[in-house]
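> Sharing a structure, written as C-alpha cells. Questions coming.
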Amino acid sequence: MLLSEAGLCRVRTSSELLADIDAIATSLNIFTSAAIDFEGDVSQLLELGTSETALDTSIKATNTLALITPPLSSADSNDIYTAIRALVPSIQASLAAVVAKKAAFTTAGVLTIVIGNVELLKEDTATLSESIGAIASSDVKPKLVAVQIEIDSAFNATQAAL
C-alpha cells in the first residue's frame, strides 16, 4: 500500500509552510535568549543545549515538510520569501550572541560543542533553503538565493570568530 493511500503522506500548503517558518522564528528567539543569558552555569548550559536542539529540530521538521509541499505560486513564494527574509536579523543576532559568549563557552569547556552546533545549524539551514528554493516560483528564486548567501555569510563570520 502506498503511503498516500494509508493517509500517512499529504500535500502541504503554503500557509502551513509559513506556520513552520514562524515556529523556527520562535525557536530562534528562545535560543538567542539562552545564548545571551549564558554565563557558564550548568543549568544555563542545559537550557542553551535544549534550545539549540529545539531550533535544529524545527529547521529539520520544516525541511521535511517542505519536501511534500507542491510548487508555490509567485504570490505564495513571495510570502515565504518575506517570512524567511524577516528571520535574517534574528539569525544575525543569535550568531552574534554566540560569538559574544565565546569566553564563557571556553571556560565551561563547551566551545567545541558550540562550534559543532553552529556547523549543524548552518548545514540544516542550507538544506532547508534548497528545499524551499526547489518549490519557489522562478521569479522569487533569485531573492531566496540572495537571502541564503546573507545567512551563509553570517554563519561563516561566526565560525571564523569562534
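Coordinate-derived values only; no laboratory data. Given the structure is predicted, the values throughout are model-derived calculations rather than measurements. When we count neighbours, we look across all protein chains shown, and the Cβ atoms used for this are built from the backbone with ideal geometry, even at glycine.
> When the dipole is taken about the Cα centre of segment 14-161, and only Lys, Arg (+1) and Asp, Glu (-1) are charged at their Cβ, what size is it in debye, to the nearest 20? List each step's numbers first, then the result.
Details: 7 positive and 18 negative charges, 62 e Å.
The dipole magnitude comes to about 300 debye.
> Would you mind ranking S14, S129 so that the residue whose beta carbon has the fewest other beta carbons within 10 Å leads the list? Before the final figure, lay out the partial values.
Working: S14 17, S129 20.
Least to most surrounded, the residues fall as S14, S129.
> Sticking with this structure for a sec: With unit charges on the beta carbons (Lys and Arg positive, Asp and Glu negative) and the dipole taken about the Cα centre of the chain, which residue among V110, A61, T82 sits farthest to the positive side?
T82
> Ok, one more. Where does each of V99, V11 land when they are ranked from fewest to most other beta-carbon atoms within 10 angstrom? Spell out each step's value before the answer.
Values: V99 17, V11 9.
Ascending Cβ contact count within 10 Å gives the list V11, V99.
> If one takes the longest principal axis of the Cα atoms in the chain, at what angle in degrees, from 0 to 90 and to the nearest 10, does the Cα axis of helix 141-161 lie?
10 degrees
> For the chain, set up a GNM with springs between Cα atoms under 10 Å and report which of I91, I21, I113 has the largest fluctuation.
I113
> Also, I was wondering about something else. How far apart, in nm, are two points set 7 Å out from the Cα along the Cα-to-Cβ line at I115 and at R85?
According to this spin-label approximation, the distance is 3.6 nm.
> Based on DSSP H runs of at least 4 residues, each adding -39500 (n - 2.57), what is the mean residue ellipticity at 222 nm of the chain after dividing by all its residues, to the nearest 500 deg cm²/dmol?
Working: 6 runs with 129 residues, N = 162.
Helices in the chain give a 222 nm mean residue ellipticity of -27500 deg cm²/dmol.
> Under the rule that an exposed site lies in a DSSP loop and has at most 14 other Cβ atoms within 10 Å, name the longest stretch of the chain with no GluC sites (Glu not before Pro) of that kind, not counting the sites themselves. Let's see the in-between values first.
On the way: sites that count: E5, E39.
Between exposed loop sites, the widest span is 40-162.
> Where in segment 24-40 does the label zone of A100 land, with the point 7 angstrom along Cα→C-beta and an amide N cut-off under 20 Å?
25-40
> Among L18, L46, which comes first, then next, by fewest other beta-carbon atoms within 10 Å? Each step should come with its number before you reach the end.
Numbers: L18 16, L46 11.
With the sparsest Cβ surroundings first, the list reads L46, L18.
> Okay, next question. Give me the distance in nm between label points sitting 7 Å out from Cα along the Cα-to-Cβ direction at A134 and L65, one decimal.
Reported label-point gap for A134 and L65 is 1.8 nm.
> Using alpha carbons only, how many degrees (0 to 90, rounded to 10) separate the axis of helix 42-66 from the longest principal axis of the chain?
20 degrees
> Can you tell me the 0 to 90 degree angle between the C-alpha axis of helix 111-135 and the longest principal axis of the chain, rounded to 10?
10 degrees
> Given the C-alpha centroids of segment 101-157 and segment 69-96, what is the distance between them in whole angstrom?
13 Å
> Among L18, L48, L28, which residue has its Cα positioned farthest towards the positive end of the charge dipole of segment 15-83, with +1 placed on the Cβ of Lys and Arg, -1 on the Cβ of Asp and Glu, and the dipole taken about the Cα centre?
L18
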